Amino acid sequence: MWAPGEEVAKLTYFGLYALQHRGQESAGIAVSNGSQILVFKDMGLVSQVFDETSLGSLRGHIAVGHARYSTTGASVWENAQPTFRATGHGSIALGHNGNLVNTAELAELVAAQSTESSGRATRVAATNDTDLVTALLAGQTDEDGRPLTVEQAAPVVLPQVKGAFSFVFMDEHTLYAARDAQGVRPLVLGRLERGWVVASETSALDIVGASFIREVEPGEMIAVDEEGLRSTRFAEAKPKGCVFEYVYLARPDTDIAGRNVYLSRVEMGRKLAAEAPADADLVIATPESGTPAAIGYAEASGIPYGSGLVKNSYVGRTFIQPSQTIRQLGIRLKLNPLKEVISGKRLVVVDDSIVRGNTQRALVRMLREAGAAEVHVRISSPPIKWPCFFGIDFATRAELIANGLTVDEIGKSLGADSLAYISIDGMTEATTIPKSQLCRACFDGEYPMPLPDPELLGKHLREPDAAGGRHGTEQPSVPDVDGVGTLTAGVGGTDALRRP
Ligand code: SF4
């Protein structure tokens, strides 16, 4: 966020609050007052990390915020974002939504840069992919060894970064945003009366009172300062937006590439009903991500829609670990059946996706115990058979229930009377985005960009293993996607952070 005269830290806080669903492990905000950048970050939810006092201490006119969901690098304070580095001209703070696939290569570049430079870029406490990009932006020099500004360094560094990235970053004077050539993760530009906002989702613009201007284009970098907004291109656009954003990840009140997420989900439900009808009395959803598709299924099938499950909205990441007794209750912490609604009924249960199948298995059992006569499971995305390397931590390939089992076998494993998934074409058509412009790799294995050898991917690639080496996994569980919560507005100064 760049907004002179506004309380940028508070606005960024509310923007992050709107984006909490995208990352719940840690949160942070960096603010600049024009002469220094101050970063405040900690483990926990946005509301746990910040209070009036901490937000009040973050004064300035530029800010970058982040809520982290780890896909590369452990979930520890050192990996919380925004990342921060000193540069030859001041400092830089950066937040990342996405996950990189050339982390090992970038680590080598940082190591070489650290050897050549004065040591500015050598502080490496973080083990995520993002900090490497920050280090590279901070440490670029010209032919004579003079440090480049962040704006000069970006066109050099960004083309070398591979994978999914929506970056927001800033120096003391300027707010920047950049999106990878495929535009895998969303990033949008909004206007405040007295400034500009960049965010992962349009819903965050709504919450801070900004009007949507346009998407940050794939391969584009924008810069905002008192001279206005500048746009440059660092790569040719080859759009491959993540279709799973429409299925599950994004908020329903967000628009991506001009298409509303809620309407996409309802349409997925309609198409699912046409492709996989069921003889049933009631359609219910696995709340809340399955709700729009269940509504669409009910509409198209003519079977009444009802609320058969009550969700506890307050179950999220908590510092209080459930006891063994509570854990055995499993899914009931989150969902409880409405016996009065479902008893004796033949149910269609609509969910957005199945990863390992454990949740759905417990759900089917719970519905039967509550008196359901039949349970027909319908899924508004196709079987997930491949890992994601671009920011969704599904599971290793071996853990994915659809890897190696037929749909009928999965249905039996869940204990359902029947199971059916939407087709890939049905799902993509529901988004109205051309199939060729969507990443569908976790469903069809067609990755939108080249991937390195498996040992060069993995969440813990940069972390020493027990033998003192480095982790690489045979089937990486998906790298790090940090974040997602990116708003920007102020700039501050020291990397003075609060330890948990
Ligand atoms: S692999 Fe799946 S989850 Fe990952 S970016 Fe592609 S569509 Fe999205």
When each of Lys435/Lys459; Lys162/Lys240; Lys271/Lys435; Lys311/Lys339; Lys271/Lys339 is checked by Cα-Cα distance, pairs over 18 Å: Lys435/Lys459; Lys271/Lys339
Euclidean distance of C-alpha centroids, region 213-256 and region 162-210, integer Å: 7
Can you list the HN-Hα couplings for region 127-141, worked out from phi with the Karplus curve (6.51, -1.76, 1.60; θ = phi - 60°), rounded to whole Hz and with x for Gly and Pro? 10, 8, 7, 4, 4, 5, 5, 4, 4, 5, 5, 6, x, 6, 10
Heads up, region 177-286 by the C-alpha gyration tensor (a ≥ b ≥ c square roots of eigenvalues; a/c under 1.5 rounded, else a/b over b/c prolate, else oblate) looks oblate
Long-range amide H partners of Thr71, meaning residues 5 or more apart or on another chain whose placed amide H is closer than 5 Å, are Asp480, Val481, Asp482
Probe radius 1.4 Å, ligands and nucleic acids ignored: give me the carbon and sulfur share of the accessible area of region 155-200 as a rounded percent. 50
Relative contact order of the chain, defined on C-alpha pairs under 8 angstrom at six or more residues apart (%): 23
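Could you please state how large a percent of the accessible area of region 44-121 is carbon and sulfur, counting protein chains only and using a 1.4 Å probe? Working shown, then result.
Numbers: 1310 of 2490 Å².
Summing carbon and sulfur atoms, their accessible area is 53 percent of the total for region 44-121.
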Give me, ordered by chain and number, the residues 5 or more places off Met221 or on other chains with an amide H under 5 Å from its own placed amide H. Thr232, Arg233, Phe234
For the chain, what does the helix formula give at 222 nm: sum of -39500 (n - 2.57) over DSSP H segments with n ≥ 4, over the residue count, nearest 500 deg cm²/dmol? -7000 deg cm²/dmol
Projected label distance in nm at Gln160 and Asp281, using a 7 Å step from Cα toward the beta-carbon: 6.6
For the chain, whose charge dipole is built from +1 on Lys and Arg Cβ atoms and -1 on Asp and Glu Cβ atoms, the candidate among Gln152, Gly391, Tyr248 with its Cα farthest towards the positive end is Tyr248
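With every protein chain left in place, what is the accessible area per residue of region 129-237 in square angstrom, probe 1.4 Å?
Working: 3710 Å² over 109 residues.
Ligands and nucleic acids excluded, the result is 34 Å² per residue.
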Along region 280-289, Karplus-curve 3J(HN,Hα) (6.51, -1.76, 1.60; θ = phi - 60°) to the nearest Hz, with x for Gly and Pro, reads 8, 9, 8, 9, 10, 10, 7, x, 9, 5
What do you get for chymotrypsin sites (Phe, Trp or Tyr not before Pro) in region 323-410 restricted to DSSP loop and a cutoff of at most 16 other Cβ within 10 Å of the site's Cβ? none
Can you list residues from other chains, or at least 5 along the same chain, whose modelled amide H is less than 5 Å from the amide H of Leu457? Thr473
Residue-ordered couplings for region 49-64, obtained by feeding phi - 60° into the Karplus form 6.51 cos²θ - 1.76 cosθ + 1.60 and rounding to whole Hz (Gly and Pro as x), are 7, 10, 9, 4, 5, 5, 5, x, 7, 9, 9, x, 10, 10, 8, 10
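The values are calculated or read from the model by the stated rules, or taken from the named source; none is laboratory data. Every value quoted in this text rests on a predicted model; they were computed, and no experiment measured them. For neighbour counting, all protein chains shown are included, and Cβ atoms are generated from backbone atoms with ideal geometry for every residue, glycine included. With ligands, DNA and RNA removed, areas are computed over all heavy atoms of the protein, side chains included. Shrake-Rupley method; radii C 1.70, N 1.55, O 1.52, S 1.80 Å.
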